[in-house]
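Visitor: My questions all concern the structure below.
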Amino acid sequence: MSDLFFYGTLRHLPLLECVLGRTLSHLEFSRASLPDHAVYGVKAEAFPMIVEQKGSNAEGVLVQGLGSEDLKRLAYYEGGFEYDLSPQIVEQEDGTRSEARVFYPEPGLWSPDKLWSLGDWVREWAEVVVVAAQEEMAYYGKVDASAIARNFSPIRTRAWAKLAARKRQTGDARDTEKDVIVQSHKRAYINYFGVEELEVQHRQHDGTMGPVLNRSGLMQGAAVVVLPYDPVRDAVLLVEQFRAPVFLIDDPEPWMWEPVAGMIDPGETPEQTAYREALEEAHVTLDSLEYAGGAYSSSGSSTEYVYLYVGLGDLVRTIDNGGLASEGEDIRTQIMPFDTFMQKADNNEFKDLPLLLLANWLARHRDRLRG
């Protein structure tokens, strides 16, 4: 058995239970602190780090009764964040001093931000972090922790999208608890996208349960697509970039003209993403957004849900250096008069489905926007 001192997110018991893969009844918990240390948030991340700080006291919890399998699972989870265990002397509330191991970040990897609060983190991040941990721990014993580290960002993006999907109700009276039976569920692949497989039955329209079906889904986050439109100049802005899937299907023209698009980051609203992506990809500052609807992009194969917008703003310049170099983006833009844009759409010169949807929406609402 081993004793560990938790100062950060693992003090949240639902997360700890998820990481350990069982209930916590076999463990003992007591409040404790680590002298001459403080807990800070990590810059641009949703987790904390501990740093040496003379005269400070890092509050946390001493966990006793952890077995060898518990330690392996904890090392796998924390290893995805590049944290390793180090022995330290902690103080319990009654003044007892004892040795416990503590997860420390790799030196120089993360930068501290402001002092970290467990309560603030629970309110803002706990739900999405637990959902992300469910995917991460599903790969325990199957892939190396380094694979989790490489894909930490898309895993959180998928978790954020799953939380949004749970609220996406339109009034269907059927109940998935009663009308869907999952015989098996496995996560088959993890990368920027994930793949999950099901053996599933669902209630058919005649009221009976159907046969067991083998189905798989490409697991993605939610996305925003926004077509910049200048109602004064009556013109739209398009972006062009290389698309690997289009190349993989042997299309000889994998450079696609599209609207601005991007994944919704955890903590963002679709509207915030739309403004951010317009600036990142096209260097355009939008004045306002017109919501043009939302839907699953390909419900038979993918979990991706797309929020569609027309973004209003002044379109006065084009660029050939848009996007983020860190994401391998190489984007150029083109400003196109509305009539030319619609003629190209009618002539089937565009291959991007969201672009066609937004072209039709804009054609129906153009007079109102120009007025």
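Visitor: Compute a Gaussian network model of the chain, connecting alpha carbons closer than 10 Å, and tell me which residue from Gly293, Gly95, Gly65 fluctuates the most.
Guide: Maximum among the listed residues: Gly95.
Visitor: Restricting to DSSP loop positions (anything but H, G, I, E, B) with no more than 14 other Cβ atoms inside 10 Å of their own Cβ, which trypsin sites (Lys or Arg not before Pro) remain in region 1-32?
Guide: Numbers: sites: Arg11, Arg22, Arg31; in loops: Arg22.
Hits after loop and neighbour filter: Arg22.
Visitor: Something else about it: For Lys142, list the lysines whose Cα falls under 27 Å from its own Cα; do not include residues on the same chain fewer than 8 positions away.
Guide: The qualifying lysines are Lys72, Lys162, Lys186.
Visitor: With a 1.4 Å probe and all protein chains left in place, how much accessible area per residue does the chain have, in Å²?
Guide: Values: 19830 Å² over 371 residues.
It amounts to 53 Å² per residue over the chain.
Visitor: Hey, if you put +1 on the Cβ of every Lys and Arg and -1 on every Asp and Glu Cβ in region 56-133, which of Leu115, Val90, Ala133 ends up farthest toward the positive end of that dipole?
Guide: It is Ala133, whose Cα lies furthest towards the positive end.
Visitor: Still on this structure, I have one more. Could you work out what % of the accessible surface of region 177-293 is carbon and sulfur, using a 1.4 angstrom probe and leaving DNA, RNA and ligands out of the count?
Guide: Values: 3450 of 6190 Å².
After summing per-atom areas, the C and S share lands at 56 percent.
Visitor: Place the peptides 157-168, 266-277 in order of packing, highest mean first, counting for every residue the other Cβ atoms within 10 Å and averaging per peptide.
Guide: On the way: 157-168: 16.7, 266-277: 18.8.
Output ranking for 157-168, 266-277: 266-277, 157-168.
Visitor: Separate question: When the dipole is taken about the Cα centre of region 50-162, and only Lys, Arg (+1) and Asp, Glu (-1) are charged at their Cβ, what size is it in debye, to the nearest 20? All intermediate terms of the calculation are to be shown ahead of the outcome.
Guide: Details: 12 positive and 19 negative charges, 87 e Å.
About 420 debye.
Visitor: Work out how much length Val200 to Arg370 would gain on full extension: take 0.36 nm times their residue separation and subtract the Cα-Cα distance, in nm to one decimal.
Guide: Working: separation 170, 0.36 × 170 = 61.20 nm, distance 4.98 nm.
Using 0.36 nm per residue and subtracting the Cα-Cα distance, I get 56.2 nm.
Visitor: Can you give me the distance in nm between label points at Asp175 and Gln64, each placed 7 Å from the Cα along the Cα-to-Cβ direction?
Guide: 4.5 nm
Visitor: Additional query: Across every pair of different alpha-carbon atoms, what Kirkwood hydrodynamic radius in Å does region 44-89 reach?
Guide: Details: mean 1/r = 0.0772 Å⁻¹.
It works out to 13.0 Å.
Visitor: Rounded to two decimal places and with Rh computed the Kirkwood way over Cα pairs, what is Rg over Rh for the chain? Mind dumping the intermediate values first?
Guide: Working: Rg = 24.8 Å, Rh = 23.7 Å.
Taking Rg over the Kirkwood Rh, I get 1.04.
Visitor: Under a point-charge model restricted to the Cβ atoms of Lys and Arg (+1) and Asp and Glu (-1), what is the dipole moment magnitude of region 1-95 relative to its Cα centre, in debye to the nearest 20?
Guide: Details: 7 positive and 15 negative charges, 49 e Å.
Value, rounded to 20: 240 debye.
Visitor: If you take the square roots of the eigenvalues of the alpha-carbon gyration tensor of region 276-344 and sort them as a ≥ b ≥ c, do you get rounded (a/c under 1.5), prolate (a/b over b/c) or oblate? Let's see the in-between values first.
Guide: On the way: a/c = 1.69, a/b = 1.24, b/c = 1.36.
Note, shape of region 276-344 comes out oblate.
Visitor: Measure nothing fancy, just the Cα-based angle from helix 353-370's long axis to the longest principal axis of the chain, in degrees from 0 to 90, nearest 10.
Guide: Roughly 70 degrees between the two axes.
Visitor: Nearest 20 debye, what's the magnitude of the dipole of the chain about its Cα centre given +1 on Lys and Arg Cβ and -1 on Asp and Glu Cβ? Intermediate results must be reported in sequence, preceding the final value.
Guide: On the way: 36 positive and 58 negative charges, 141 e Å.
Taking the Cα centre of the chain as origin, the dipole is about 680 debye.
Visitor: Please work out the Kirkwood hydrodynamic radius for region 174-228, using every pair of different C-alpha atoms, and report it in angstroms with one decimal place. Before the final figure, lay out each step's value.
Guide: Values: mean 1/r = 0.0750 Å⁻¹.
Roughly 13.3 Å, rounded to one decimal.
The values are calculated or read from the model by the stated rules, or taken from the named source; none is laboratory data. Note that the structure is a prediction, hence the values are computed from the model and not measured. Neighbour counts run over all protein chains shown; Cβ positions are idealised from the backbone, glycine included. Note: accessible area is taken over every heavy atom of the protein model, side chains too, but ligands, DNA and RNA are not part of it. Shrake-Rupley method; radii C 1.70, N 1.55, O 1.52, S 1.80 Å.
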